[in-house]
Amino acid sequence: MSNVVNPPSARLYVGRLAPSPTGHLHLGHARTFWIAAARARASGGRLLLRIDDLDTDRCRPAYVESALADLGWLGLVTEPPVYFQSARIPLYREALARLHAAGLIYPCHRSRRDLAGALSAPHEPLVDGPPADDEPLYPVEWRPAPDAPLPALDAAGFTLNWRFRVPDGEAITFNDAVAGPQSAVAGRVFGDFLVWRKDGLPSYQLACAVDDAALGITEVVRGADLVRSTFRQLLVLRALGATAPDFAHAPLMLDEKGARLAKRHDALALRTLRESGVSADEVRALLVAD
Ligand code: GLU
């Protein structure tokens, strides 16, 4: 599949920052967001803020507040309003209904434990890519036949796990503005992925693709840990008939031991730096120099 790329002059640049309020923002976020803001500015475009707050177990309002404060402190200005995914569920339900009508999804009754036990075929690594993310390759033998009737998407239907049936063997490609041409074979590098959970909420893959399309995002700038998700989201966007944005995956910031900065690295949380007297200018200098 080729990513539909319009000439830059044909559409105004619209970028977005999309933090998940599951912890304090750290230097790694700051650098990715800094790059996103710089690319939007360089194109004379817009920059939106989306809060990915669908994970009700892990998201906290206090982290939304601290993210807004940290972004303001760093001078990263986004255009109002702030978009909260938790307020956009009807949009995701509508998208699921379209995938259902097109026969591109199926209900999945397997548990995480079933899946963990079936990992005889690990997914292929991406060449030069980030480590595998946390969604294992779904065994094709667990798929229902393509013509098997689907349960209705009524109230009960929205309380099932639904998976997207990937086009096995098709190479999904896109041209990354940072890392160059990317390619992954569906069914080998990633398998049938969850688009809806039985708790009544969309997966990150579905919600992100729907929002990027609905908000008219022209370029997604995010961390390189999400490259594998990009292939899945391209499939969702294509299935919904939406124009795919361009992508720029920023290299991840590593700590002194070479591990990815995670939100648990509290010492590198922007809030901790700020409270310990580091100035926004000093942080900005670090982001630009690195
Ligand atoms: N909310 C996601 C995260 O913090 C990023 C989503 C995205 O940029 O697509 O990992």
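Computed quantities for the displayed model
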item	result
Virtual spin-label span in nm between residue 243 and residue 82, 7 Å along Cα→Cβ	3.0 nm
With every protein chain in place, the chain: carbon and sulfur % of accessible area (1.4 Å)	55 percent
The range 194-280, relative contact order [Cα under 8 Å, separation at least 6], %	23 percent
Cα-centre dipole for the chain with unit charges at Cβ (Lys and Arg positive, Asp and Glu negative), debye to 20	320 debye
Residue 20 - accessible surface, heavy atoms, 1.4 Å probe, Å² rounded to 10	40 Å²
CD proxy at 222 nm, helix term only [per DSSP H run n ≥ 4: -39500 (n - 2.57); per residue of the chain; nearest 500]	-9500 deg cm²/dmol
Most positive-pole-ward Cα, 97, 195, 161, against dipole of the chain from beta carbon charges	97
The chain, relative contact order in percent, only Cα pairs under 8 angstrom and at least six apart counted	25 percent
Solvent exposure of the chain as accessible area per residue, Å², 1.4 Å probe	48 Å²
Exposure rank, largest accessible area first [196, 34; 1.4 Å]	34, 196
Shape category assigned to the range 65-224 from the gyration tensor of Cα positions, a/c cut at 1.5	oblate
Cα-only Debye scattering, the chain: base-10 log of I(q)/I(0) at q = 0.17 Å⁻¹	-1.55
The range 13-74: relative contact order in percent, alpha carbon pairs under 8 Å with at least 6 residues between	51 percent
Residue 176-residue 98 FRET efficiency (beta carbon distance; Förster radius 35 Å; 0.05 resolution)	0.80
Cut-off 16 Å, label 7 Å out along Cα→Cβ of residue 150, residues of the range 97-111 by amide N	97-109
Whether the range 143-229 is rounded, prolate or oblate, judged on the alpha carbon gyration tensor where a/c under 1.5 counts as rounded	oblate
Accessible-area ranking of 135, 256, 219, 65, largest first, probe 1.4 Å	256, 65, 135, 219
Alpha-carbon centroid distance for the pair the range 139-179 / the range 220-290, whole angstrom	27 Å
Per-residue SASA entry for residue 142, accessible area with 1.4 Å probe, Å² rounded to 10	60 Å²
Range of Cα positions in the range 9-85 per principal axis (Å), largest first	42, 23, 18
Cα-centre dipole for the range 59-105 with unit charges at Cβ (Lys and Arg positive, Asp and Glu negative), debye to 20	260 debye
Check: the range 169-231 dipole with +1 on Lys, Arg Cβ and -1 on Asp, Glu Cβ, in debye	200 debye
Additional length obtainable on full extension of the chain from residue 91 to residue 65, 0.36 nm per residue less Cα span	6.9 nm
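The values are calculated or read from the model by the stated rules, or taken from the named source; none is laboratory data. These numbers were taken from a predicted model, which means no experiment stands behind them. A quick note on method: Cβ atoms are made from the backbone with ideal geometry, for glycine too, and the neighbour counts reach across all protein chains shown. Ligands, DNA and RNA are excluded from the accessible area calculation, which covers all protein heavy atoms including side chains. Shrake-Rupley method; radii C 1.70, N 1.55, O 1.52, S 1.80 Å.
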